[in-house]
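Report on one structure; see the data block that follows.
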Amino acid sequence: MIQKTSDDRSLPPALADVARAEFDYADGEGIDFEPYGTFDSAEETTDWLRQWTGNHELDSDAYRVFGQDGTGGLAAVWYGRPGRPLAEQPVVFMGSEGECGVVAGNLSDFLWVLADGCGPLEAVLYEDREPRPDAALTELAERHATTPRRPARVVIAAARAEFPAFVEDVDTLCR
């Protein structure tokens, strides 16, 4: 499950634009997501992963953390496709209460999830959430996405089907 990667911590242009976007939680009706302007450092990510799993032997080579929800759950790019570039890697969420899941199969699809009004937390916790399209995030996705527009539910279901063992694999890392 853990794939060694290069230590490039530069945000790709699409995530840099996401970091500049406005996310309004709107009393539970919006997207609970606070994107970062940079990826967390390897040290920060390793500390978090070790605390989250209780496994102090892990390193964070397979993750690039780029945002959080209001409770501290983290969104990350997960190097689940060995040898492929960062933009082709899945986006995952690991919540503050131990919940986790695959959000999108790649960064482009993640943009469509956001455009549909769904953030990483919502993708994992609220599968039946009604779409709440966001015009600014739709424009951002139209500018950067290389995959066709699809509803968040479809993107999330496809990502989970492609990586069905993600949650189980993460569970095996926990102590």
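Every read-out reported here was derived from the displayed coordinates using simple, explicitly stated rules and does not represent laboratory data. The shown structure was predicted, so the numbers you read here are calculated from the model rather than taken from an experiment. In this analysis, Cβ positions are derived from the backbone assuming ideal geometry, glycine residues included, and neighbour counts consider all displayed protein chains.
Pick from region 146-175 the residues that are in contact with a Ser or Thr (Cβ under 6 Å, 6 or more places away or on another chain) and in a loop (DSSP other than H, G, I, E, B): which of them is surrounded by the most Cβ atoms within 10 Å (Cβ to Cβ)?
Step one: filter region 146-175 for residues in contact with a Ser or Thr (Cβ under 6 Å, 6 or more places away or on another chain), giving 146-147, 173-174.
If we keep only those that are in a loop (DSSP other than H, G, I, E, B) too, we end up with 146-147, 174.
Numbers: Thr146: 12, Thr147: 16, Cys174: 10.
Residue satisfying both the conditions and the ranking: Thr147.
If we scan region 127-137, do we find a residue that is under 11 Å from the mean Cα position of the chain (by Cα) and surrounded by 14 or more Cβ atoms within 10 Å (Cβ to Cβ)? So far as region 127-137 goes, no, none of its residues is under 11 Å from the mean Cα position of the chain (by Cα) and surrounded by 14 or more Cβ atoms within 10 Å (Cβ to Cβ). Contact annotation: residue pairs with Cβ atoms under 7 Å, 6 or more positions apart or on different chains, pairing a residue in region 144-161 that is on the phi < 0 side of the Ramachandran plot with a partner that is β-branched (Val, Ile, Thr), are Ala152/Val113; Val155/Val113; Ile156/Val103; Ile156/Val113; Ala159/Val102; Ala159/Val103; Arg160/Val102. Restricting region 12-32 to residues that are among the aliphatic types (A, V, I, L, M) and either assigned to a helix (DSSP H, G or I) or touching a residue at least 60 places away in the same chain (Cβ under 8 Å) (or both), the residue that is nearest to Cys118 (Cα to Cα) is Ile31. Cβ separations smaller than 7 Å between residues 6+ apart or across chains give the following pairs from region 75-104 residues that are closer than 19 Å to Pro164 by Cβ to residues that are aliphatic (A, V, I, L, M) and assigned to a loop (DSSP other than H, G, I, E, B): Trp78/Ala62; Tyr79/Ala62.
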